[in-house]
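The values are calculated or read from the model by the stated rules, or taken from the named source; none is laboratory data. It should be emphasised that the depicted structure is a prediction, and the values quoted were computed from it without experimental measurement. So basically every Cβ, Gly included, is an ideal-geometry build from the backbone, and we count neighbours across all protein chains shown.
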Amino acid sequence: MLRFIFVLYFTVLALGARAEVPPNSPIQQEKDEILMLLAYSVAYLGWVDPKDKPKRGYNIAAVLYDNTQEKIVGVQRNAVGLCRDKTQHAEVRLMQQCIHSKCRGKDTDYLGNATIYSTLEPCMMCGGMMIFLGVSRVIYGQSDPDFGKNIERLQQDFRSDCKYKAESVIGIERVCKIDVPANYRSRKIISEPSTLLQRAQLDGAFASYRLIFGSIITEFLMGDEAENIYRVAHQRLLEYKPDYQENSAVLLESQMQLKKLKGNVGDLDRCLIGGQHKH
Ligand SMILES: [Zn+2]
């Protein structure tokens, strides 16, 4: 009997250990890469050309992955042109779509234990919404040197209003007392650049583009160089062979999403709030 309990105990322990994938493990890294390739593909399959008029929006897409259900719960693209609404960034749309469709069932009010894969580093609006909704991680497929690092800014531990001054210290004045972070203390979000080669290629290509043509990243993202990088990412996802069998389900799911995108786009390219404008 005692032996049986021991065996049972260690079996449960082993199963538990297998289910828990550490955040920085190679398995998780591969999973992050697959889902990032899906985000690039979502943008690539609806690629907007500079000649397109009217424009749907910019070539930016995002994927929402629910780590609790272990499944993809949404994909979206930027639709600021289609909806004539400058707030319709891919990430905002992704979060709104999830909330409105109750993509996590009863547990949809907040997005804790969910990861967003965005092709571009989030702006202040999207970063703020992610923090507000408790998204746990965001991985981005390109850094934004001019408008990035917003999640880091929102998480700085200081108050700038100096309403609460530190006890007077001789020789030091106007010191803010660091007591309450400027952010929700309990809702920390991890923001990381993707480890994919495509992220490095996009960062490098935009650094050169900036020197020659200027710093408008959305224009760079309509150019041939960006489109080629996105095309290769899409191809890579179609042909992907995972090193870890733990990731075969997420790969299959990602490839199914691609098939769906080539057919009926569903909530993609549809205005989620208000009516759709005819151009
Ligand atoms: Zn944004």
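Can you name every residue in segment 42-59 that is among the aliphatic types (A, V, I, L, M) and in a helix (DSSP H, G or I)?
We begin by selecting, within segment 42-59, every residue among the aliphatic types (A, V, I, L, M); these are 42-43, 45, 48.
Result: V42, A43.
Would a scan of segment 162-173 turn up a residue that is touching a strand residue (DSSP E or B) at 6+ places or on another chain (Cβ under 6 Å), modelled with pLDDT of 80 or more and assigned to a loop (DSSP other than H, G, I, E, B)?
No, there is no match, as no residue in segment 162-173 is touching a strand residue (DSSP E or B) at 6+ places or on another chain (Cβ under 6 Å), modelled with pLDDT of 80 or more and assigned to a loop (DSSP other than H, G, I, E, B).
Note down all Cβ pairs under 8 Å where the first residue falls in segment 90-113 and is closer than 17 Å to G128 by Cα and aromatic (F, W, Y), the second is modelled with pLDDT under 95 and within 16 Å of the ligand (Cβ to nearest atom), and they're at least six residues apart or on different chains.
Pairs found: Y110/L133.
Of the numbered conditions (1) within 11 Å of the ligand (Cβ to nearest atom); (2) surrounded by fewer than 22 Cβ atoms within 10 Å (Cβ to Cβ); (3) assigned to a loop (DSSP other than H, G, I, E, B); (4) at pLDDT 95 or above, S143 fails exactly one; give the number of that condition.
(1)
Got a number for residues in segment 61-117 being within 15 Å of the ligand (Cβ to nearest atom) and among the acidic types (D, E)?
Qualifying residue count, segment 61-117: 2.
Just to be sure before I move on: is E121 of a type in the set (D, E), in contact with an Asp or Glu (Cβ under 6 Å, 6 or more places away or on another chain) and within 15 Å of the ligand (Cβ to nearest atom) in the structure I sent?
Details: of a type in the set (D, E): yes; in contact with an Asp or Glu (Cβ under 6 Å, 6 or more places away or on another chain): yes; within 15 Å of the ligand (Cβ to nearest atom): yes.
Here the answer is yes, as E121 does meet what is asked.
Quickly run through segment 204-259 and pick out the residues that are part of a helix (DSSP H, G or I), small (G, A, S) and either out of contact with any helix residue (DSSP H, G or I) (no Cβ under 7 Å at 6 or more places or on another chain) or closer than 16 Å to S41 by Cβ (or both).
Filtering segment 204-259 down to residues part of a helix (DSSP H, G or I) leaves 204-213, 217-220, 224-238, 245-259.
Right, trim to small (G, A, S) and you get 204-205, 207-208, 226, 233, 248-249, 254.
G204, A207, S208, A226, A233, S248, A249, S254, listed by residue number.
Go over the candidates Y240, Y209 one by one and state the one that is farther than 16 Å from Y58 by Cα, in contact with a Phe, Trp or Tyr (Cβ under 8 Å, 6 or more places away or on another chain) and not small (G, A, S). Please lay out each step first, then the result.
Numbers: Y240 fails: in contact with a Phe, Trp or Tyr (Cβ under 8 Å, 6 or more places away or on another chain).
Residue meeting the stated conditions: Y209.
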